[in-house]
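What follows is one structure encoded as structure tokens, with my remarks underneath.
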Amino acid sequence: MKKALFATTTLAVWTALSATSLPAHALGKLATINVIDRNTGQSLPVHYYRGEYWVAGTPGNKYAIEINNKQSARVLAVTSVDGVNVVTGQTASLVQSGYVFSAWQNYEITGWRKSDSAVAAFEFTASPNSYAEQTGRPRDVGVIGVAIFKEKVAELSRDYSHSSPRHSSSQRPSAQSPVAEQSAASAPPAPTATPAPAPQSARAGASTGAADSSSAKESKSASAGSRAEAAADQSQEKSTNRSSALAGAMSPPAAKLGTGHGERENSQVSRTSFERASDQPAEIIRIRYDNYSNLVAMGVIQPNRTSPRRPDPFPDSQAGYVPDPRR
């Protein structure tokens, strides 16, 4: 038997009423999954590319994983972000805890669960600031996973007094261990920028010409040397400018997007029991994410391109006749 958590009754009623009008971006069959930008309230469009589904997140924005149970029976949704279980904080595995959804229930998972009454909000952030990287697990940053398990068919005494999703907090086959509250991962110190090397100073004497001209020959020789060095310095400056321009043109792409450990938010849950029908999930939904510019660079998103204007041989055509010239 698995322990589980469910959201507040008020939220469950609202989500149940809204479950019939899912947006076209939802993925899944037994349950449908949406990624919601909480700053805009919009579902993120899903892009299919080379066998994978992608969404573009906005750095700094909070988001939620919306799950809708399309079955007439309860299901368990084991959910991970960046390879980390969103309930326990463990490196994600199919045998771990998840949320239990009543029949036809719809609910938004808004953060890393900290206790029965709070979560740390999901927010898009640069990968080095993600919860996974800050806890030493950078390999799977940029992916959301939901594994759906059906409930074992048996003579179960089911509790229908609550209509909100429930979260399984014990690992199989361990017996009903409570959800352990974890402290927020401390952010690493900000990287120190390496100072740029100081420019080379002009060599003294040669650039100023011959200050002490003992003869016309020495003065002429010094002047020629000064001009030669000035030309060399200009050539070096041009080369440096070209190198800088080339480096700018070849600048690396934007930092990969991950999910941060945001501010605490109220999210009341309670516990229930759930017995899986199988050790293997009936369905796994996988959604990858990154920022918009990176997805465009990868070819996942084709940017909107307007057709170039065609030249018009008669751009100022007007009906009528030729007017008289000004006098």
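Between I109 and I65, E66, I67, the built amide H atoms are under 5 Å apart, and every one of these is 5 or more places off in sequence or on another chain. If you take all other residues with their beta carbon under 14 Å from the beta carbon of L30, and give Lys and Arg +1 and Asp and Glu -1, the sum is +3. Remark: the Y48-K152 segment gains 34.1 nm on full extension, using 0.36 nm per residue and subtracting the alpha carbon distance. Protection proxy ranking of 48-55, 255-262, by the mean of other Cβ atoms within 10 Å over each peptide's residues and highest first, is 255-262, 48-55. Remark: segment 111-123, residue by residue, has Karplus-estimated 3J(HN,Hα) of x, 6, 6, 9, 6, 5, 10, 8, 10, 9, 4, 5, 8 Hz, where x stands for each Gly or Pro and the curve is 6.51 cos²θ - 1.76 cosθ + 1.60 at θ = phi - 60°.
With each label modelled as a point 7 angstrom along the Cα→C-beta vector, the Q268-Y321 pair spans 8.6 nm.
Accessible-area rank, largest first, for S117, S127: S117, S127, with all protein chains present and a 1.4 angstrom probe.
Once the Cα-Cα distance is subtracted from the 0.36 nm per residue extended length, the A277 to R309 segment shows a gain of 5.4 nm. Listed values for segment 262-272 are Karplus-derived 3J(HN,Hα) couplings in whole Hz (6.51 cos²θ - 1.76 cosθ + 1.60, θ = phi - 60°), namely x, 5, 5, 9, 6, 7, 7, 9, 9, 10, 8, and x replaces Gly and Pro. Length gained on full extension, N39 to D140, computed as 0.36 nm times the residue gap minus the Cα-Cα distance: 33.9 nm.
The values are calculated or read from the model by the stated rules, or taken from the named source; none is laboratory data. Keep in mind the model is a prediction, meaning the values are calculated, not measured. Using ideal geometry, Cβ is built from the backbone for each residue, glycine included, and neighbour counts are taken over all protein chains shown. Accessible surface areas use protein heavy atoms only, side chains included; no ligands, DNA or RNA. Shrake-Rupley method; radii C 1.70, N 1.55, O 1.52, S 1.80 Å.
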